[in-house]
Amino acid sequence: MTKLKCSNTIRFLFFGVLVLGVTSCSRQQAPQQSPTPEQPANRTAAISAEQIARTYGVDSFDQIEAIRYTWTAQFPGVNLSRSWVWEPKKDQVSYEGKDKDGKPVKATYVRSQLNNQPANVKDEIDPGFVNDNYWLLFPLHAYWDKSANVTSQGTKPLPLGNGSAELVVVKYPSDGGYTPGDTWDLYIGKDNRVEQMVYHRGGPRKPSLVSVTWEGYKKAGPLLVSTDHNGTADGNTIRVSITGVAVKLTGSENWIDAQ
């Protein structure tokens, strides 16, 4: 199974406008094996990255032939929307959205052949794809990304509203990538689901602090996804929603809508 091949850190980017978290991924794609219980990545968590990923369907990910979804971000003065179909076994991406001038754009490409694509695919569309895919599947990526250091900090108060949850910190290395040292705080409930998330940027670019809920949970085939994220980015209200989620399983031509 092909995963998104990434370097060490996470950045915030959309067509030159600072918005939301996106990994600084390599443009070259290669198959890689996810860590196994016997040979984990750098894990010292009471609630492990593996346990969380299993809650979100990582054990059945090889059944996924294609995933489609629309990612939308809303904050003061901005409303962004991008639609994707990702075929992970081929790592082929199909995109529909708009360019900086609001003109419709469509593209289909294989990420291992990204260097042969036009500049807008390499510099705008693919970074947007990685960003949105991490919002959709971050619990899986936190397990797949071998460079990430995952630690449990025990039970902590939730950053938004009342209550408490197990804090699991996903920290990327302090060298390499666009913004070294980025950290994601995942607040995990008793059901091993993410309830809230806080992003801390490792560099000086803005936003430096993003706190959002993880709600609107749905199942799309074997995958569990959170479709609604509400909170703040450096004090400004922000909402990220993921709609139209559906999966196509190997051997079938039918889409299974998230419910």
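Which numbered condition in (1) without any contact (Cβ under 8 Å) to a residue 40 or more places away in the chain; (2) over 25 Å from Val150 (Cα atoms); (3) among the hydrophobic types (A, V, I, L, M, F, W, C) is the only one that Val245 fails?
Status for Val245: all satisfied but (1).
Return yes or no: is Gly97 at pLDDT 95 or above and crowded, with 16+ Cβ neighbours inside 10 Å? Break it down into steps so the answer makes sense when it comes.
Numbers: at pLDDT 95 or above: yes; crowded, with 16+ Cβ neighbours inside 10 Å: yes.
The answer is yes for Gly97.
Residues in the range 169-185: is at least one of a type in the set (Asp, Glu) and within 27 Å of Phe75 (Cβ to Cβ)?
So in the range 169-185, the residues of a type in the set (Asp, Glu) come out as 175, 182, 185.
Then keep just the ones that are within 27 Å of Phe75 (Cβ to Cβ); that gives 182, 185.
Within the range 169-185, one or more residues are of a type in the set (Asp, Glu) and within 27 Å of Phe75 (Cβ to Cβ).
Might you check whether a residue that is among the polar types (S, T, N, Q), in contact (Cβ under 8 Å) with a residue 60 or more places away in the chain and more than 19 Å from His229 (Cβ to Cβ) occurs anywhere in the range 141-149? Even if it seems obvious, please write down each step before you answer.
Going residue by residue through the range 141-149, those that are among the polar types (S, T, N, Q) are 147, 149.
With the extra rule that they be in contact (Cβ under 8 Å) with a residue 60 or more places away in the chain, the set shrinks to 147, 149.
Imposing the further condition that a residue be more than 19 Å from His229 (Cβ to Cβ) reduces the set to 147, 149.
Yes.
Before we move on, is Pro207 at pLDDT below 95, of a type outside the set (A, V, I, L, M), surrounded by 16 or more Cβ atoms within 10 Å (Cβ to Cβ) and out of contact with any Pro (no Cβ under 6 Å at 6 or more places or on another chain)? It would help to see each step written out before you state the result.
Details: at pLDDT below 95: yes; of a type outside the set (A, V, I, L, M): yes; surrounded by 16 or more Cβ atoms within 10 Å (Cβ to Cβ): yes; out of contact with any Pro (no Cβ under 6 Å at 6 or more places or on another chain): yes.
Here the answer is yes, as Pro207 does meet what is asked.
Out of the range 182-196, which residues are in contact with a helix residue (DSSP H, G or I) (Cβ under 9 Å, 6 or more places away or on another chain), farther than 16 Å from Asn149 by Cα and buried (at least 21 other Cβ atoms within 10 Å of the Cβ)? Write out each step before concluding.
Our first condition is that a residue be in contact with a helix residue (DSSP H, G or I) (Cβ under 9 Å, 6 or more places away or on another chain); within the range 182-196, this holds for 184, 186, 188, 191-194.
Of the ones still in play, those that are also farther than 16 Å from Asn149 by Cα are 188, 191-194.
Within the range 182-196, Ile188, Val194 meet the criteria.
Yes or no: the range 206-220 includes at least one residue that is assigned to a loop (DSSP other than H, G, I, E, B), within 22 Å of Leu136 (Cβ to Cβ) and not basic (Lys, Arg). Quick ask: steps written out before the conclusion?
Going through the range 206-220, the residues assigned to a loop (DSSP other than H, G, I, E, B) turn out to be 206-208, 214.
In the following step, the residues that additionally are within 22 Å of Leu136 (Cβ to Cβ) were identified as 207, 214.
Those left that are additionally not basic (Lys, Arg): 207, 214.
Yes, that holds for at least one residue.
Which of the residues belonging to the range 217-229 are free of Cβ contacts under 8 Å to residues at least 40 places away in the same chain and more than 18 Å from Ala53 (Cα to Cα)? Can you show your working first?
Step one: of the range 217-229, the residues free of Cβ contacts under 8 Å to residues at least 40 places away in the same chain are 217, 226-228.
The one that is free of Cβ contacts under 8 Å to residues at least 40 places away in the same chain and more than 18 Å from Ala53 (Cα to Cα): Asp228.
Identify the residue in the range 61-89 that is modelled with pLDDT of 95 or more and part of a loop (DSSP other than H, G, I, E, B) and, among all such residues, is surrounded by the fewest Cβ atoms within 10 Å (Cβ to Cβ).
Checking each candidate, the answer is Lys89.
If you go through the range 90-114, how many residues are more than 21 Å from Ala220 (Cβ to Cβ) and not in a strand (DSSP E or B)?
Total satisfying the criteria: 9.
Which of the numbered conditions does Ala46 fail, given that it passes all the others? Conditions: (1) part of a loop (DSSP other than H, G, I, E, B); (2) at pLDDT 95 or above; (3) of a type in the set (A, V, I, L, M, F, W, C).
In the conditions (1) part of a loop (DSSP other than H, G, I, E, B); (2) at pLDDT 95 or above; (3) of a type in the set (A, V, I, L, M, F, W, C), Ala46 misses (2) alone.
Would you mind stating whether Gly244 is buried (at least 17 other Cβ atoms within 10 Å of the Cβ), in contact with a strand residue (DSSP E or B) (Cβ under 8 Å, 6 or more places away or on another chain) and not aromatic (Phe, Trp, Tyr)?
Numbers: buried (at least 17 other Cβ atoms within 10 Å of the Cβ): no; in contact with a strand residue (DSSP E or B) (Cβ under 8 Å, 6 or more places away or on another chain): yes; not aromatic (Phe, Trp, Tyr): yes.
Here the answer is no, as Gly244 does not meet what is asked.
Report, ordered by the first and then the second residue, all pairs with beta carbons closer than 7 Å, sequence separation of six or more or different chains, a first member in the range 94-119 that is touching a residue at least 12 places away in the same chain (Cβ under 8 Å) and farther than 17 Å from Thr72 by Cα, and a second member that is in a helix (DSSP H, G or I) and acidic (Asp, Glu).
Arg111/Asp126; Leu114/Asp126
The values are calculated or read from the model by the stated rules, or taken from the named source; none is laboratory data. Note that the coordinates shown come from a computational prediction; the quantities given were computed from them, not determined experimentally. Positions of Cβ are generated from backbone atoms using ideal geometry, with glycine treated the same way; all protein chains shown enter the neighbour counts.
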